[in-house]
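**Student:** Input: one structure, supplied below.
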Amino acid sequence: MDQQKLRSLVFEKTGVKIDVDDPVFALVALNEAVLEEAVERHVARIDAASENLLHVAQQQGHGHGHAAAEHPPGYVPTPSAGMVRPIATQSSSITPRELRLLAMAAGIAILSALLVLGGQAAFHKSGLSAEQAQALQKAERIERALQQLDPKLRAQLPAELQK
């Protein structure tokens with residue numbers, strides 16, 4: 001673990017300066033130890049599986065009339081194409097399943113928004129009293145009547161209302 005490299009990396013990414021005596025390095029060391037132990041367990045499992053595969057391959061080789069002496073020690077024959085599935089080395093950024101889930105989530109979000117807007121429209125009260133609502137209706141009727149007046153008379157009206 002290169003502490004100077006880690007300090008530089010933390011500073012570049014976060015702008016936070018840490019000292020080599022900072023307790024965070026104890027956590028990094030602990031993380032390394034746990035990770036190393038996990039890797040060792042997995043390597044042991046892979047080694048055991050490889051040994052098992054070698055044993056099975058050698059048994060199949062003997063069963064088909066092949067002698068084990070024909071191959072160098074540690075040789076593992078390549079399995080036939082029907083026995084091995086190809087391993088995906090690259091994956092698309094978004095799988096078809098994720099696209100379906102994303103489309104469903106978008107649809108649910110749109111339906112939810114429409115439901116909320118519909119509820120607001122159905123239950124929204126204007127907040128006006130009956131008298132205020134009547135006054136607004138009367139003002140609208142007066143406005144329509146004013147629009148039907150002669151343009152000259154309409155132009156004189158604001159001056160007359162100011163008096």
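The values are calculated or read from the model by the stated rules, or taken from the named source; none is laboratory data. As the structure is a computational prediction, the values presented were derived from the model and not from experiment. Neighbour counts are summed over all protein chains in view; Cβ atoms, including those assigned to glycine, are modelled from backbone coordinates with ideal geometry.
**Student:** Right, ALA69: out of contact with any helix residue (DSSP H, G or I) (no Cβ under 6 Å at 6 or more places or on another chain), modelled with pLDDT of 85 or more and either at negative phi or not small (Gly, Ala, Ser) (or both) or not? Before the answer, list the steps.
**Tutor:** Working: out of contact with any helix residue (DSSP H, G or I) (no Cβ under 6 Å at 6 or more places or on another chain): yes; modelled with pLDDT of 85 or more: no; either at negative phi or not small (Gly, Ala, Ser) (or both): yes.
When the stated conditions are applied, ALA69 does not pass them.
**Student:** Here's another thing I want to ask about it. VAL34 is checked against (1) modelled with pLDDT of 80 or more; (2) in a loop (DSSP other than H, G, I, E, B) and fails just one. What number does that condition carry?
**Tutor:** Unmet condition: (2).
**Student:** Is it the case, given these coordinates, that LEU128 is at pLDDT 75 or above and surrounded by 10 or more Cβ atoms within 10 Å (Cβ to Cβ)?
**Tutor:** On the way: at pLDDT 75 or above: no; surrounded by 10 or more Cβ atoms within 10 Å (Cβ to Cβ): yes.
For LEU128, the condition - at pLDDT 75 or above and surrounded by 10 or more Cβ atoms within 10 Å (Cβ to Cβ) - is not met.
**Student:** Answer yes or no as to whether GLU143 is surrounded by fewer than 10 Cβ atoms within 10 Å (Cβ to Cβ), assigned to a helix (DSSP H, G or I), among the acidic types (Asp, Glu) and at pLDDT 80 or above.
**Tutor:** On the way: surrounded by fewer than 10 Cβ atoms within 10 Å (Cβ to Cβ): yes; assigned to a helix (DSSP H, G or I): yes; among the acidic types (Asp, Glu): yes; at pLDDT 80 or above: yes.
Yes, satisfied.
**Student:** Quick one: how many residues across the range 1-16 are free of Cβ contacts under 8 Å to residues at least 12 places away in the same chain and polar (S, T, N, Q)?
**Tutor:** So the count comes out to 2.
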